[in-house]
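The structure under discussion appears below in the form of structure tokens.
The values are calculated or read from the model by the stated rules, or taken from the named source; none is laboratory data. Note that the structure is a prediction, hence the values are computed from the model and not measured. Because the Cβ atoms are built from the backbone with ideal geometry, glycine has one as well, and the counts that use them run over all protein chains shown. We work out accessible area using only protein heavy atoms, side chains counted, and drop any ligands, DNA or RNA first. Shrake-Rupley method; radii C 1.70, N 1.55, O 1.52, S 1.80 Å.
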Amino acid sequence: TERQDALPDPDHLKTAISSTARALEQADTAAQTAEKRHAEAREAEAKLRPAVQEAERAHQRLETEARTIAKLVDAGPAQRWPKVLDALHVAKGHEVALGAALGEDLDASTNADAPVHWAGAGDGAADAALPEGIAALATKVRAPAALLRRLNQIGLVARGDGPRLARLLRPGQRLVSLDGDLWRWDGFTAAAEAPSPAARRLAERNRLADVEAAARIAATHRDGMRAAAETAAIAVREAAEAESAARNQVREARRAFDSARDSVTMAERRGADLSARLTQITDALDRLAIERDETEAARARAAG
């Protein structure tokens with residue numbers, strides 16, 4: 001028969017169930033935290049998607065615009081003698097003034113072998129200075145050295161000041177406005193009209209430079225957004241793995257708790273069974289003792 005002292009230690013069972021209950025509670029708390037972090041990571045990634053897409057679209061728009069402008073700027077067959085126009089860089093807003101100041105002369109080349117070309121005319125040290133207070137167009141243009149003497153003799157003025165200041169010009173000098181008005185030293189005057197093809201080309205080149213710069217900035221922003229999105233995606237994957245591991249811990253802790261609880265239940269059942277059997281044995285012994293006493297009493301009576 002199974003002995004009472006062979007049952008598991010009740011204190012040990014209580015400690016086990018208490019310990020596994022705490023472990024289950026801690027695992028469940030960790031799982032809830034992991035689930036929350038996973039949800040936050042998914043939300044952060046979802047918020048980044050529209051920003052990444054917009055950054056992609058913005059860069060594509062600028063790239064498309066740059067390609068379109070580049071086609072306009074580069075339109076036409078390659079020429080044997082490149083135009084000086086293509087070697088100029090004019091400050092934004094001054095394209096029309098330069099076109100008015102030089103006109104068809106911008107189509108000439110700086111190559112000495114070209115039939116029509118800019119050969120240069122010295123440094124112009126002996127040239128008369130522009131009237132006081134008038135800035136030279138040369139300050140707004142980066143050009144080959146062959147054009148500098150010409151550009152230094154062209155002044156930039158406000159439209160309303162042109163007629164008055166034109167009377168102060170010395171031979172070879174001229175004035176232009178940002179709108180494209182022209183006043184020459186010999187009295188020739190030309191009011192602003194539509195921008196010349198050269199002015200439009202210069203404006204397109206300036207616009208191309210601006211768009212290309214914006215495209216580079218947009219590409220940097222796009223790459224940054226892509227990197228942020230990739231980081232967010234990694235965070236989502238890691239959070240999902242952490243949540244899965246936490247859920248596994250919960251299942252393990254629950255199995256351990258259920259096992260400890262089942263052990264207590266089984267021990268209680270076995271203890272109850274042993275107690276019942278002990279009671280039955282005690283009752284049987286009591287009955288045997290009574291029967292023995294009765295038998296001895298009967299034997300004593302028969303002997304007397």
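Could you list, in sequence order, all residues of the range 112-138 that are surrounded by fewer than 17 Cβ atoms within 10 Å (Cβ to Cβ) and under 48 Å from the mean Cα position of the chain (by Cα)?
Ala135 - this is the single residue of the range 112-138 that is surrounded by fewer than 17 Cβ atoms within 10 Å (Cβ to Cβ) and under 48 Å from the mean Cα position of the chain (by Cα).
Suppose we filter the range 144-167 for residues that are surrounded by fewer than 17 Cβ atoms within 10 Å (Cβ to Cβ) and under 25 Å from Leu85 (Cα atoms); how many remain?
The qualifying residues number 4.
Are any of the residues in the range 49-61 at pLDDT 90 or above, in a helix (DSSP H, G or I) and more than 24 Å from Ala213 (Cβ to Cβ)?
Yes, that holds for at least one residue.
Tally time: how many residues in the range 180-227 are part of a loop (DSSP other than H, G, I, E, B) and closer than 21 Å to Gln60 by Cβ?
Within the range 180-227, residues that are part of a loop (DSSP other than H, G, I, E, B) and closer than 21 Å to Gln60 by Cβ number 0.
Which residues, taken from the range 173-182, are open to solvent by 20 Å² or more (accessible area, probe 1.4 Å) and either touching a strand residue (DSSP E or B) at 6+ places or on another chain (Cβ under 9 Å) or of a type in the set (Phe, Trp, Tyr) (or both)?
Passing the criteria: Arg174, Leu178.
Scan the range 43-71 for residues that are surrounded by 15 or more Cβ atoms within 10 Å (Cβ to Cβ) and over 16 Å from the mean Cα position of the chain (by Cα) and report the count.
So the answer is 6.
Quick check on the range 189-244: of everything there that is basic (Lys, Arg) and open to solvent by 60 Å² or more (accessible area, probe 1.4 Å), which residue is farthest from Val73 (Cα to Cα)?
So the residue we want is Arg237.
When you go through Val141, Val96 one by one, which is the residue that is in contact (Cβ under 8 Å) with a residue 40 or more places away in the chain, out of contact with any strand residue (DSSP E or B) (no Cβ under 6 Å at 6 or more places or on another chain) and either under 21 Å from Arg207 (Cβ atoms) or surrounded by 14 or more Cβ atoms within 10 Å (Cβ to Cβ) (or both)?
Val96
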